[in-house]
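The values are calculated or read from the model by the stated rules, or taken from the named source; none is laboratory data. All values reported here derive from a predicted model rather than from experimental measurement. Backbone-built Cβ (ideal geometry, glycine too); neighbour counts: all protein chains shown. With ligands, DNA and RNA removed, areas are computed over all heavy atoms of the protein, side chains included. Shrake-Rupley method; radii C 1.70, N 1.55, O 1.52, S 1.80 Å.
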Amino acid sequence: MRILKFGGSSLATADCIRQTGKIILERASRETTVVVVSAFQGVTNQLLECARLAENGDHWKKAWRTIVGRHRAVIDILMKGRPIGHLCRQAELLCNDLHDALHGVQLLGHAPPRALDLVASFGERLSALIIAGYLARFRRAQFVDAREIIVTDAQFTNANVMFPQTNRAIRRY
């Protein structure tokens, strides 16, 4: 089994994603491959800025729409001419959940570390969903939400991965 990790610059544009997809598909043709992706380039910072704007009132919605629009545009480009109903529905659900999280921050007037982690997580989740949808055009691929397989401690914005058998954190060095 091979695990491939791609950062935001590898996912900056639809063309970058196509190039990344070629690498993944070439490797996956030879062995079982797990792909880990970051958010699209710049999106994590945009999400955190949305949370900061939401703390101070209602000015986050334009920034949220920009993030949503970017992801929708990439889906449209990558999936051109292909059925995308299921992918779009899943992306819309994630975008709506992000909206609700930001609205919650606005209502609180505060973005605690746990809320910041939640908001930031949408970048990776959207990216992974889109990459899986794109790869599924060419071979069997499945989106997996990392929260279903990785457990961390409660050190929000600086969490450590927990060993499942011992509940001990893997310390970062």
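Scanning the stretch 56-69 for residues that are in a helix (DSSP H, G or I) and either in contact with a Ser or Thr (Cβ under 9 Å, 6 or more places away or on another chain) or surrounded by fewer than 16 Cβ atoms within 10 Å (Cβ to Cβ) (or both) yields Lys61, Lys62, Arg65, Thr66, Gly69. Only one of Ala120, Ala101, Ala128 is open to solvent by less than 40 Å² (accessible area, probe 1.4 Å), closer than 21 Å to Ala54 by Cα, among the small types (Gly, Ala, Ser) and in contact (Cβ under 8 Å) with a residue 60 or more places away in the chain. Can you tell me which? Just a single option satisfies the conditions, and that option is Ala120. Considered as a group, the residues in the stretch 26-50 that are under 13 Å from the mean Cα position of the chain (by Cα) and β-branched (Val, Ile, Thr) include one that is farthest from Ser10 (Cα to Cα), and that residue is Thr44.
For Arg82, indicate whether it is at pLDDT 95 or above and closer than 21 Å to Thr13 by Cα.
Numbers: at pLDDT 95 or above: no; closer than 21 Å to Thr13 by Cα: yes.
No.
Pick from the stretch 117-151 the residues that are polar (S, T, N, Q) and part of a helix (DSSP H, G or I): which of them is nearest to Thr20 (Cα to Cα)? Checked the stretch 117-151; the qualifying residue nearest to Thr20 (Cα to Cα) is Ser127. Taking first residues from the stretch 65-93 that are within 25 Å of Ala120 (Cβ to Cβ) and partners that are open to solvent by 40 Å² or more (accessible area, probe 1.4 Å) and of a type outside the set (A, V, I, L, M, F, W, C), the Cβ contacts under 6 Å between residues at least 6 apart in sequence or on separate chains come to Ile67/Gln46. The condition (being open to solvent by less than 30 Å² (accessible area, probe 1.4 Å), in contact (Cβ under 8 Å) with a residue 12 or more places away in the chain, of a type in the set (Gly, Ala, Ser) and within 16 Å of Ala132 (Cα to Cα)) is satisfied by just one residue among Ala111, Ala28: Ala28.
Taking the condition among the hydrophobic types (A, V, I, L, M, F, W, C) and at pLDDT 95 or above, does Leu87 pass? No.
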